[in-house]
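Could you have a look at this structure, given as structure tokens, before my questions?
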Amino acid sequence: MQDVTVTHYPDAAPLFGTGVEMATPSLKIIVARSGAFTVTGRERTAFVVGPRTAPVAVGYGPATDCHEWSLPPWISSALLDVPGGELSGRIHDLSDLPSSPFLRSLIEGRPESRTLVGEALADRSAGRRSSDGALAKAVWVVLQRSPDRTVAAVAELLGVGTRRLQQAARRELGLSPKEIARLLRHQQALEMIASRPTSLAQIAQDAGYADQSHMTREFAAFGAITPGDLRRVYRSGRRARVPT
């Protein structure tokens with residue numbers, strides 16, 4: 001699972017044909033060079049979508065050409081001067097956020113935006129001053145590798161108390177460790193369904209679900225689509241991605 005992806009969609013359209021986009025543990029930044037999206041009742045062309053546990057409805061304008069940045073939420077303080085907790089479950093136009101060097105370069109289309117992301121990932125950015133940020137990054141890395149770990153097990157591994165861990169996660173990731181773990185497991189299952197011909201029961205087992213029914217319930221909660229429907233979408237070749 002890649003922490004950072006930048007994808008160009010020259011003609012953005014819903015992956016599932018419904019306009020209901022999945023919950024995600026990641027921070028999403030969408031910049032449309034032409035066209036627009038309708039999100040939460042507003043037309044938007046440059047906006048950030050925080051980590052969330054619920055799907056969101058998105059309307060697609062005709063001939064919408066956009067770039068989508070998908071980033072780990074712990075990077076938010078470094079790049080946006082706003083902790084992930086202040087963005088979680090919300091959608092903000094980029095013009096409403098502090099004018100950080102990264103946002104200026106992104107909006108103006110300058111190439112240094114990628115360099116700034118690389119510096120933040122390597123902890124060289126000035127925004128990585130807080131101990132909460134360092135702890136939140138560690139929580140993300142541990143759960144990304146092992147989303148089945150309990151909160152207590154993660155806290156013990158990182159040498160902190162569970163309350164301290166929960167506070168850092170809420171501030172910098174915008175979600176609880178348990179929510180992050182569920183969403184990361186869901187994300188892993190999505191990638192397996194897209195890339196593996198194996199049965200859904202096997203994918204459920206490999207992703208760490210109790211059984212296929214458990215995976216189906218999580219898909220319903222996070223994206224209003226079943227694993228079987230998702231597999232049919234991928235097999236149809238209709239690969240236009242959702243921008244959130």
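Read-outs throughout are calculated quantities, based only on the coordinates presented, and are distinct from any laboratory measurement. On a predicted model such as this, the values are computed, not experimentally measured, just so you know. Cβ: placed from backbone, ideal geometry, glycine included. Neighbour counts: every protein chain shown.
About its Cα centre, what dipole magnitude does segment 120-233 give when the only charges are +1 on Lys and Arg Cβ and -1 on Asp and Glu Cβ, stated in debye to the nearest 20? Kindly include the intermediate steps, with their values, before the conclusion.
Details: 17 positive and 11 negative charges, 75 e Å.
So the magnitude is around 360 debye.
Another one. Let me know the shape class of segment 37-110, please: from the alpha-carbon gyration tensor, a ≥ b ≥ c as square roots of the eigenvalues, rounded when a/c is under 1.5, otherwise prolate if a/b is greater than b/c, or oblate. Each step should come with its number before you reach the end.
Values: a/c = 1.94, a/b = 1.20, b/c = 1.62.
Note, shape of segment 37-110 comes out oblate.
Rg to Rh ratio, segment 156-223, alpha-carbon atoms and Kirkwood radius?
Details: Rg = 14.4 Å, Rh = 13.3 Å.
Checking Rg against Rh, the ratio lands at 1.08.
Going by Cα centres, segment 145-159 and segment 7-85 are how many Å apart?
30
Show the residues, 5+ positions off or on another chain, whose built amide H is closer than 5 Å to the amide H of Arg44.
Sorted by chain and number, the residues that satisfy this are Phe37, Thr38, Val39.
Return the sequence-ordered ³J(HN,Hα) values of segment 4-12 in whole Hz as given by the Karplus equation 6.51 cos²θ - 1.76 cosθ + 1.60 applied to θ = phi - 60°, using x for Gly and Pro.
3J(HN,Hα) across segment 4-12, in whole Hz: 10, 9, 10, 10, 9, 10, x, 8, 4.
Report the charge-dipole magnitude of segment 1-65 in Debye, nearest 20, computed about the Cα centre from +1 at each Lys and Arg Cβ and -1 at each Asp and Glu Cβ.
Value, rounded to 20: 180 debye.
Which Cα, out of Ala220, Gly19, Ala63, lies furthest along the positive dipole direction of the chain (beta carbon charges, K/R +1, D/E -1)?
Sorting the options by dipole projection puts first Ala220.
So, by mean Cβ neighbours within 10 angstrom, what's the order for 51-61, 157-167 with the highest one leading? Working shown, then result.
On the way: 51-61: 18.5, 157-167: 14.9.
Ranked from most to least packed, the peptides come out as 51-61, 157-167.
Of His92, Ala32, Pro73, which is farthest towards the positive pole of the chain's charge dipole, taken about the Cα centre with +1 and -1 on the beta-carbons of Lys, Arg and Asp, Glu respectively?
It is Pro73, whose Cα lies furthest towards the positive end.
Using label points projected 7 Å from each Cα along Cα→Cβ, tell me how many nm separate Thr162 and Asp65, to one decimal.
Modelled inter-label distance: 5.3 nm.
Between Glu108 and Val141, what length in nm is gained on full extension when 0.36 nm per residue of separation is reduced by their alpha carbon distance? Intermediate results must be reported in sequence, preceding the final value.
On the way: separation 33, 0.36 × 33 = 11.88 nm, distance 3.14 nm.
Taking Glu108 through Val141 to full extension adds about 8.7 nm, to one decimal.
Based solely on its DSSP helices, what 222 nm [θ] is calculated for the chain when runs of n ≥ 4 H residues each add -39,500 (n - 2.57) and the sum is averaged over all residues, nearest 500 deg cm²/dmol?
Values: 10 runs with 105 residues, N = 244.
It lands at -13000 deg cm²/dmol.
While we're here: Shape call for the chain from the C-alpha gyration tensor, a ≥ b ≥ c root eigenvalues: rounded (a/c under 1.5), prolate (a/b greater than b/c) or oblate?
On the way: a/c = 1.85, a/b = 1.01, b/c = 1.83.
Since a/c reaches 1.5 but b/c is at least a/b, the shape of the chain is classed as oblate.
About the Cα centre, and with charges only on the beta carbon of Lys, Arg (+1) and Asp, Glu (-1), how big is the dipole of segment 5-236? Nearest 20 debye, please.
On the way: 27 positive and 23 negative charges, 79 e Å.
Rounded to the nearest 20 debye, it is 380 debye.
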